[in-house]
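Student: So that we are looking at the same thing, I have put the structure below in structure tokens.
FYI, it's all coordinate maths here, none of it is from the lab. Since this is a predicted model, take the numbers as computed values, not measurements. Glycine also receives a Cβ, built like all others from the backbone with ideal geometry; neighbour counts cover every protein chain displayed.
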Amino acid sequence: MEKQYTFPYRQYTLPDGATPEERLLIEEARKAAQGAMPLLGYRVGAAARLASGRIITAANQESEVFPAGLCAERVLLFSHLATDPEDRITALAIASVPDDTECCPCGGCRQVMLDTMRRQGTPFRIIMSSGQSATVVDSPACLMPFPFGL
């Protein structure tokens, strides 16, 4: 039996196509990217809006002892889980420096986003941005059609 997987998403140019909330999250993710340790010359920042309205941020963490490092998205999600898991995530933006292409999460980050969604019981939007454009999906499930699960 052949099946097909499809999902809705939005793509737009920046800044005009973004909502004010999306623009703010993208800007906070860009600021967070400046705090990354750029051993590989690529800085990534993530910013999440919580249900309370608070915004939290994180940057990718690298080490000279490769592969001891972590993507910005997982730094943010694991920190949030450890400190304030009751204040659920409603949206998460990802940005990079340089910002010539949209910053999309790796497979490990996609799985952790899905795990976070499952834990909190609600989906959250993911905004993948570049300096000129962004793509938005309404749920981590859109990015992980065949997730790992126990």
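Student: Taking the Cα centre of the chain as origin and charging only Cβ (+1 Lys, Arg; -1 Asp, Glu), how large is the dipole, in debye to the nearest 20?
Tutor: Here the chain has a charge dipole of around 260 debye.
Student: Would you please name the trypsin sites (Lys or Arg not before Pro) within region 1-79 that are DSSP coil residues with at most 12 other C-beta atoms within 10 Å of their C-beta?
Tutor: 3, 54
Student: Based on the mean of other Cβ atoms within 10 Å per residue, sort peptides 75-87, 130-142 so the most packed one is first.
Tutor: Descending packing order for the listed peptides: 130-142, 75-87.
Student: How big is D for the chain, in µm² s⁻¹ as a whole number, if Stokes-Einstein is applied with the Kirkwood radius of its Cα pairs at 4 °C and 1.567 mPa s?
Tutor: 84
Student: With only Lys, Arg, Asp and Glu charged, each at its Cβ (+1 for the first two, -1 for the last two), find how big the charge dipole of region 1-81 is about the Cα centre; round to the nearest 20 debye.
Tutor: 140
Student: Right, here's the next one. So how far apart, in nm, are the two label points at residue 64 and residue 16 if each is 7 Å from Cα heading toward Cβ?
Tutor: Once both label points are built, they end up 4.8 nm from each other.
Student: In addition: Give me the percent relative contact order of region 73-145, please, defined on Cα pairs under 8 angstrom at least 6 residues apart.
Tutor: Reported as a whole number, the value is 34 percent.
Student: For region 34-79, take the alpha-carbon Rg, divide it by the Kirkwood Rh, and send me Rg/Rh.
Tutor: Rg/Rh for region 34-79 comes to 1.05.
Student: Over region 13-150, what is the relative contact order in whole percent, taking alpha-carbon pairs under 8 Å and six or more residues apart?
Tutor: Over region 13-150, the number comes to 22 percent.
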